[in-house]
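What follows is one structure encoded as structure tokens, with my remarks underneath.
The values are calculated or read from the model by the stated rules, or taken from the named source; none is laboratory data. Just so it is clear, the model here is predicted, and its values are computed rather than measured. Cβ coordinates were reconstructed from backbone atoms using ideal geometry, including for glycine residues, and neighbour counts include every protein chain displayed. Side chains included, ligands, DNA and RNA excluded: accessible areas come from the protein's heavy atoms. Shrake-Rupley method; radii C 1.70, N 1.55, O 1.52, S 1.80 Å.
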Amino acid sequence: MTQSISGLDPVVMPALCVDLDGTLVKSDTLVDSTLALARYRPELLWKIPGWLVQGKAALKRHITSSVSLDVEHLPYNRELLQYLEQQHAQGRPIYLATAADSVLAHRIAEHLGLFTGVLASDGNLNLAGHNKLAAFRQTFGGNFCYIGNALPDLPLLENCHYPMVANPTRGLRAALQKAKVTPSRSFTEKTSPLKTWFKALRIHQWAKNILLFLPLLLAHALKPALIAGAVLAFLSFGLCASATYVVNDLLDIEADRQHPRKRRRPFASGDLSALTGVGAIVLFLIASLAIALSVPHVIARISPELALRRPYHFLVWLGIYAVTTLAYSLRLKRAVLVDVIVLSGLYTIRILAGSAATGIDASAWLGSFSIFFFLSLAFVKRFAELENLRERGGEVAKGRGYHISDIEQLRSFGSASGYVSVAVLTLYISNLDAAQLYSHTRRLWLLIPVLLLWISRLWLLASRGELNEDPVVYAITDKRSLFLGVIVLLIVLSAL
């Protein structure tokens, strides 16, 4: 046990002892540190089992010594923090009492400047539950107040003056009720679970998976069996994509907490625990795999004559998408220019996966158009991030390899890619391939000004700093974009 105590007069006022993980901070700092280890020092992950054999306190000491959490941007419970500031202003002795390692605990205490002393794990003793209670009795006698959040805090809440809780777990609430302990105050800072999970899983990003339907739609092969296969592929990709988004958010917790917008993400803000995120990843990947395996069987059952020649080719593309996304989250997103190539490639992979799920080949025209069009979207995403960073007075995008000085070059790359995609579309309309599918190909020329308008407006808004950093969010929420989308649909239908 580590402690640093000064000037305590237990007769005057009970010491106020505050737990850290889940209480003062809404997340678990051990899990956060482990995720930081996976992100910045993955070569040390294999040592964790050996550290764990030495005991939980030793594990915390090793991990805390290997990485340094950004204590300034931890997701503090703001209501509790305000209460502690009030108590500190009144001269009350406040102690940070945590099972976290003392090195981290002292850094947090130094940052906040509210604590009279720190009691924490020291690499040998894990200061939790009854160990923490024994330390309290040795230090304060029985004259202390305590604020906790989880079941291991029960012995302390039962034996303290004025027990208080912060975001208490269901298990602790039930145990307190059974023990007939009524908290004198509760510091609750939670959001709607359904809304939080909806945000964490990025359901709005499933809009990207509409690309799986493109081979089916552009080939005009709207048969029930193939539509069913495409719908299943859409669901499978959506679940896989949500799992990879959670992986990305868990690995990016440190960087997201320093970002003015991303710090509100459920895992970065502490609204969802990282451990539940890991569980969601496993569950969603299993569900995605199960649905992917069912695609060829459903198509064959509905229309045996349309049975896929390569029944599990979709599964291959799903695997490529998952591996590429993981590589992007772990390494490639920090590689300048490689990141945008990968991002644009992920869009094209969706088209190829849709082709594999329905057995309809994606044309070379569609592939060419998608490469340049989505490359433009990838560049505008990075451009918007840098533009917003410049407005905040920053110089280097954290977690990326880009500098503010790159912004004009990115504008050139991205706008050029967008206009090249328009050129590809003009070549397709002029080609005999279009005439085989459309009776009125001349009407397709109306698509050109619409697409030019959308791309030009996208880059104009980005240059003004008015674009959301995610162009997909912009596309599905911007009224003018939706209106232009309706015009595109009407033009295509009129050309049939």
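Some observations on this one:
- All lysines inside 16 Å of K381 as judged from Cα atoms, apart from same-chain residues fewer than 8 positions distant: K208, K262, K333, K398
- Carbon plus sulfur fraction of accessible area for segment 190-249, probe 1.4 Å, in percent: 79 percent
- Relative packing of 447-456, 346-355, which averages over residues the other C-beta atoms within 10 Å, highest first: 346-355, 447-456
- Cut-off 12 Å between beta-carbons: net charge of the residues surrounding Y321, Lys and Arg +1, Asp and Glu -1: +2
- Extension gain, S430 back to T477 (0.36 nm per residue minus Cα-Cα distance, nm): 13.7 nm
- Listed by chain and number, the aspartates and glutamates whose C-alpha is less than 12 Å from the C-alpha of K223, apart from same-chain residues fewer than 8 away, are E305.
- Rounded if a/c under 1.5, otherwise prolate or oblate - segment 89-132, Cα gyration tensor axes: oblate
- Share of carbon and sulfur in the accessible heavy-atom surface of segment 257-361 [1.4 Å probe, %]: 69 percent
- DSSP beta bridges in the chain [antiparallel fraction, %, rounded to 5]: 20 percent
- 0 to 90° range, to nearest 10: angle between helix 130-140 axis and the chain longest Cα axis: 50 degrees
- The simple spin-label model puts a point 7 Å past each Cα toward its Cβ; for M13 and Q205 those points are separated by 4.7 nm.
- Per residue, the chain exposes 46 Å² of solvent-accessible protein surface, assessed with a 1.4 angstrom probe and all protein chains in place.
- Gyration tensor verdict on the chain (Cα atoms; rounded if a/c is under 1.5, prolate if a/b is larger than b/c, oblate otherwise): prolate
- All other residues whose Cβ lies under 15 angstrom from that of I210 are scored, Lys and Arg at +1 and Asp and Glu at -1, for a net of +3.
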